[in-house]
Amino acid sequence: ELKAFPADFLWGASSSAYQVEGAWNEDGKGPSVIDALGYYPPGTSDYTVASDHYHRFAEDVALFAELGLKAYRFSIAWTRIIPDGDGEVNPAGVAFYHRLIDALVAAGITPIATMYHFDLPAALDAKGGWQNRECVDAFAKFAEVIFGEYGDKVKHWLTINEQNMMVLYGEAIGTVKPGQPKSALYQANHHMMLAQAKANLLCHELVPDGLIGPAPNIALCYPETCHPLDVLAADDFNAIRNWLYLDMAVEGRYNSVAWAYLEETGAAPQIAQGDLELLASVRPDFIAFNYYATHTVARPRSDGQDVATGGDQQIAVGEKGIYAGASNPFLPHTEFGWEIDPIGFRNTFRALWDRYHLPLLVTENGLGAFDKLEDGQVHDSYRIDYLRDHIAQIQLAVSDGVDVMGYCPWSAIDLVSTHQGVSKRYGFIYVRRDEFDLLDLARFKKDSFHWYAKVIATSGAD
Ligand code: BGP
């Protein structure tokens with residue numbers, strides 16, 4: 001029997017600081033690894049102006065209120081708060097997020113803050129970034145500052161956005177320099193786990209009623225066939241891509257399949273005394289996750305062609321000799337080649353709920369497409385179809401008994417994609433600019449805006 005969405009369901013939408021704010025060097029903000037990229041990859045926009053949300057946040061929040069959002073998931077730029085990552089606090093940067101959060105609260109929108117979404121301070125990167133253990137304490141210091149400043153108004157906190165994507169596809173996203181050995185990536189990963197654990201403890205100490213959770217990208221992995229070796233390959237990839245991060249975040253342990261893989265590939269991190277105790281001493285209050293599609297994998301191919309082509313985080317799946325990327329013949333693709341799998345969304349909810357028994361919050365899901373503005377309108381029926389199909393599967397997951405806290409599709413407003421510029425859009429609100437021509441940055445409500453407003457108003461019945 002179909003159950004209704006909970007009355008307090010957080011119908012929301014998402015963004016991240018560097019993709020939406022612009023004002024990359026204003027009011028004392030320091031440079032991040034993203035700012036250092038420039039036009040990356042060449043031929044796509046940079047992030048200096050993005051959607052100019054830094055200057056237009058009041059107008060944007062008014063539109064979010066009109067959309068009826070119950071929650072808005074955004075990220076706090078570390079480099080606005082502490083420009084060099086671990087030095088002085090920048091009061092002007094602190095003030096910006098007070099203004100944003102106050103505007104949200106005044107509009108009755110629950111703020112959900114990501115502490116770190118890809119934009120590591122460049123000054124920390126110059127010292128080795130996450131490979132340097134000192135980054136852990138820098139993050140803890142940043143955490144103390146933001147919990148102290150905003151903890152009376154922000155009760156929902158996300159630690160690190162898509163840590164798994166930074167480890168697996170950091171080059172494509174631009175967070176990792178090309179050519180890093182795998183051991184360095186997993187050492188960085190270990191330090192991020194420690195940083196997350198410290199943030200968790202600090203949140204529970206400093207934020208009364210605060211809730212905190214990790215925010216990986218979770219994509220359930222299917223076997224290409226029912227051959228037991230393909231099933232094994234899918235199990236391996238699930239352990240490496242998904243469970244490694246959540247087993248650590250929830251249970252404070254490296255799962256044995258992932259650990260065996262790390263040892264086998266020479267990537268096992270150095271673990272200092274006390275690390276495992278720290279990791280095991282925390283428990284998140286919920287699991288946030290980003291979902292775009294499932295993956296399909298197979299046992300390694302005899303011709304060694306195990307890695308699917310392209311540098312994209314949703315496409316370049318596979319690792320030579322371990323598992324091979326495969327395409328799923330049952331799934332359609334977006335204009336950017338990402339598979340579309342609403343039923344896989346339900347499968348993913350069930351897998352997460354069965355494994356961890358923690359409330360689940362969707363912090364990203366959405367369709368990247370080439371939108372067209374015509375007479376002030378954007379007819380994005382394709383986006384409506386995508387979102388409607390996924391929301392239907394959330395309701396089925398709720399009916400399966402899964403505890404779902406909310407749904408924050410990507411993205412609230414158009415912003416700059418991680419590596420495909422502004423031509424690839426996700427928002428409910430269109431921002432008038434081109435890849436290299438900023439035009440007037442005016443805002444327009446897409447058809448999906450009006451549709452989602454109805455979904456929220458009727459709690460899931462559009
Ligand atoms: C996730 C990121 C986001 C976002 C989204 C869409 O990986 O958390 O920052 O951009 O995917 O990806 P893309 O911009 O590459 O289309």
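None of the figures in this text is laboratory data; all of them are computed from the coordinates on show. All of these numbers come straight from a predicted model, not from anything done at the bench. A quick note on method: Cβ atoms are made from the backbone with ideal geometry, for glycine too, and the neighbour counts reach across all protein chains shown.
Can you list the lysines whose alpha carbon sits under 27 Å from that of LYS454, skipping same-chain ones fewer than 8 residues off?
Straight-distance partners of LYS454: LYS3, LYS70, LYS155, LYS372, LYS424, LYS445, LYS446.
Considering only DSSP beta bridges whose two residues both sit in the chain, what percent are antiparallel, to the nearest 5?
Bridges in the chain that DSSP calls antiparallel: roughly 30 percent.
Using the Karplus curve 6.51 cos²θ - 1.76 cosθ + 1.60 with θ = phi - 60°, work out ³J(HN,Hα) for each residue of the range 430-441 in order, rounded to whole Hz, and write x for Gly and Pro.
7, 10, 7, 7, 10, 3, 10, 10, 6, 6, 10, 6
For the range 81-203, what does the equivalent ellipsoid look like in terms of its semi-axes, each the square root of 5 times an eigenvalue of the Cα gyration tensor, given largest first in whole Å? Spell out each step's value before the answer.
Values: eigenvalues 146, 45, 36 Å².
Semi-axes, largest first: 27, 15, 13 Å.
Average projected area of the Cα convex hull of the range 317-462, in nm²? If you can, show how the numbers build up before the last one.
Details: hull surface 43.4 nm².
Result: 10.8 nm².
From the helices alone, meaning DSSP H stretches of at least four residues, give me the mean residue ellipticity at 222 nm for the chain, per-run term -39500 (n - 2.57), in deg cm²/dmol to the nearest 500.
Working: 14 runs with 167 residues, N = 462.
Using -39500 (n - 2.57) per qualifying helix, the result is -11000 deg cm²/dmol.
ASN328 to ARG253: FRET efficiency via 1/(1 + (r/R0)^6), r the Cβ-Cβ distance, R0 22 Å, to the nearest 0.05?
So the FRET efficiency works out to roughly 0.10.
From the phi angles alone, apply the Karplus equation (6.51, -1.76, 1.60; θ = phi - 60°) to the range 382-390 and give each ³J(HN,Hα) in whole Hz, x where the residue is Gly or Pro.
4, 6, 4, 4, 4, 5, 4, 5, 6
Convert 20 °C to kelvin, take the viscosity as 1.002 mPa s, use the Kirkwood radius over C-alpha pairs of the range 10-457 as Rh, and evaluate the Stokes-Einstein diffusion coefficient in µm²/s, rounded to a whole number.
Numbers: Rh = 22.0 Å.
In µm²/s, the coefficient rounds to 98.
Spelling out what I want: for every residue of the range 76-82, take phi, set θ = phi - 60°, compute 6.51 cos²θ - 1.76 cosθ + 1.60 (Karplus), and round to whole Hz; glycine and proline get x.
9, 6, 3, 6, 7, 7, 10
For ASP389 and THR265, FRET efficiency with R0 = 41 Å and r from the beta-carbon atoms, rounded to 0.05? If you can, show how the numbers build up before the last one.
On the way: r = 37 Å, r/R0 = 0.90.
Plugging the Cβ-Cβ distance into 1/(1 + (r/R0)^6) gives 0.65.
Taking the square root of 5 times each eigenvalue of the Cα gyration tensor, what semi-axes in Å does the equivalent ellipsoid of the range 78-147 have, largest first?
Calculated on Cα positions only, the semi-axes equal 26, 12, 9 Å.
Restricting the calculation to Cα positions, tell me the Rg (one decimal) and the Dmax (whole number) of the range 172-217 in Å.
Using the Cα atoms of the range 172-217, the pair Rg, Dmax is 14.2, 43 Å.
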